[in-house]
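The structure appears right after this line, and notes come after that.
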Amino acid sequence: MNQIYGYCRISTYKQNIERQERNIKTLFPEAVIIKEVFTGTQENRPEWRKLYRHVDRGDIASLDFRHFPLLLQKVFWSAHHLAVSFY
């Protein structure tokens, strides 16, 4: 059975991650939410890397793209490479 994941990231603990989680849960109520507080300027984010290694063909990963402009090209490449759907 395919799994649905949601990835939420904020840069500092002063920010609120709840809006991202709410947006993902609106589309995918059953999504397993992965949360991370880590700078967006670095690619080696621990929770992102775990998710990237864990997803299987046919899984769905949902992100709130309003907060991932630098990551967009890599996400779409990853989706094509892994046959994972991103929303």
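Computed from the coordinates by the stated procedures, all read-outs in this text should not be read as laboratory data. What you are looking at is a predicted structure, and each value in this text was computed from that prediction instead of being measured. Heads up, the Cβs are rebuilt from the backbone with ideal geometry, glycines too, and the neighbour counts pull from every protein chain shown.
Going from the residue with the fewest nearby Cβ atoms within 10 Å to the one with the most, Tyr52, Tyr13 rank Tyr13, Tyr52. Extending 7 Å from Cα along the Cβ direction at Tyr13 and again at Arg53 yields two label points whose distance is 2.6 nm.
Listing Arg9, Arg57, Arg45 from the residue with the fewest other Cβ atoms within 10 Å to the one with the most, what is the order?
Values: Arg9 22, Arg57 8, Arg45 18.
Starting with the residue having the fewest Cβ neighbours, the order is Arg57, Arg45, Arg9.
Translational diffusion of segment 1-48, estimated by Stokes-Einstein from the Kirkwood radius over alpha carbon pairs at 25 °C in a medium of 0.890 mPa s, is 214 µm² per second.
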